[in-house]
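> Sharing a structure, written as structure tokens. Questions coming.
A short reminder: the numbers here are calculations on the coordinates, not readings from a lab. Since the structure is predicted, the reported quantities are computational estimates derived from the model, not experimental observations. Cβ sites come from the backbone with ideal geometry, for glycine too, and all protein chains shown count toward neighbours.
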Amino acid sequence: MHFLTRYELLGSRGRGASRRFEVLHGERVRRDSSFDLSVLLFRDGPLTLPELATRLGESEATIQSHLDRLDGEGRLKRRDGEGGPRYALDDYHIPIGTPLGFEAALWDHIRVVFRAVSKKVRMRHHRSGLDDLIGGTTFSFDVPEDDPLYSELAGYLKRTRLEMEGWLARVKALEQAPGWEGRPKRRVTIYAGQMVEDLVPSAEPGDDDDGQ
């Protein structure tokens, strides 16, 4: 909610338990929606021009200009059929260090997490296993900052990002190999994250503190 409010996708009124949120439509600051479009085309395509405009809250003219750019780059997939042409993307990627596309990337990450959790729940297999293809894992480590283990743990995100970029490059190489189109494929989506926070030293025990 904080993220959506900060980027003026939601408005808020009041404070604390009485705080209320509302969706902002025409009031919010306009921003480049091309990254949002790319995510939508990759995750939910193929979609028609009216569907894309409705989903993104943009005019069809704006969406068409984005589609024309993607088509010019050779990335856009078009399928003609009833109701007009439908569009999709076979890939979507924001390279490390790119200053734009933060909102779209964050939304894509959150959306994938929810989809993975929903699929796991629908499978009615509520136990983790080392052979799982769908699932996640969460660990927290309280470790001294001056210990070598801290650097190893804190470097997880960097190592993971570099490994992902390496895998992506290998997939791109496979796409250029003979027989790519005819090979059966499955989409493997990996969502990874990391948070580091300072631990506030414990306060002196109070009169009502039982010491546990």
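> Cβ contacts < 6 Å: first residue farther than 26 Å from residue 190 by Cα, restricted to the range 136-153; second residue of a type in the set (A, V, I, L, M, F, W, C) and not in a loop (DSSP other than H, G, I, E, B), any location; separation 6+ or different chain. Result?
Here the result reads 143/149, each pair linking the range 136-153 to a residue that is of a type in the set (A, V, I, L, M, F, W, C) and not in a loop (DSSP other than H, G, I, E, B).
> Looking only at residues that are in contact with a strand residue (DSSP E or B) (Cβ under 9 Å, 6 or more places away or on another chain) and within 25 Å of residue 190 (Cβ to Cβ) in the range 77-94, which one is surrounded by the fewest Cβ atoms within 10 Å (Cβ to Cβ)?
Going through the qualifying residues, I end up with 90.
> Let me ask something else about it. Quick check on the range 113-129. Is at least one of its residues farther than 21 Å from residue 74 by Cα, of a type in the set (Ser, Thr, Tyr), without any contact (Cβ under 8 Å) to a residue 24 or more places away in the chain and not in a loop (DSSP other than H, G, I, E, B)?
yes
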